[in-house]
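What follows is a short report on a single structure.
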Amino acid sequence: LVAEIEKKITEAFEVFDRESNKTVDVREIGCIVRSLGCFPNEAEVQELVEKMEVEEPGGFVHLEKFLPVMTKVLLDRRFRPIPEDVILHAFQVHSASDNRC
């Protein structure tokens with residue numbers, strides 16, 4: 001199971017690794033996490049980045065720092081998506097209160 005999760009994380013990371021050097025811009029971390037089916041808010045993304053020990057603000061994150069943090073996130077099932085029925089209900093409430101519809 002862990003090997004499968006690590007493979008999935010590595011593949012998602014590589015999509016954003018533009019230089020093919022096992023690093024990504026720190027600003028891409030939220031996108032990578034969300035592409036893995038997790039939906040943290042911005043403060044939670046910052047917490048993850050801090051755990052990855054990024055050496056300089058606005059720097060790059062190495063796969064070797066990203067992989068263990070993200071593996072734990074997926075194993076712990078943190079930041080799961082909001083259930084569809086909750087999203088649909090919120091949309092319906094918003095639409096009903098919008099007089100332009």
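The values are calculated or read from the model by the stated rules, or taken from the named source; none is laboratory data. Since this is a predicted model, take the numbers as computed values, not measurements. Neighbour counts run over all protein chains shown; Cβ positions are idealised from the backbone, glycine included. Just the protein is used for accessible areas: all its heavy atoms, side chains included, with ligands, DNA and RNA removed. Shrake-Rupley method; radii C 1.70, N 1.55, O 1.52, S 1.80 Å.
Within region 55-77, is there a residue that is among the charged types (D, E, K, R) and either in contact (Cβ under 8 Å) with a residue 60 or more places away in the chain or in contact with a helix residue (DSSP H, G or I) (Cβ under 7 Å, 6 or more places away or on another chain) (or both)?
no
In region 36-45, how many residues are open to solvent by 70 Å² or more (accessible area, probe 1.4 Å) and out of contact with any Pro (no Cβ under 9 Å at 6 or more places or on another chain)?
Total satisfying the criteria: 2.
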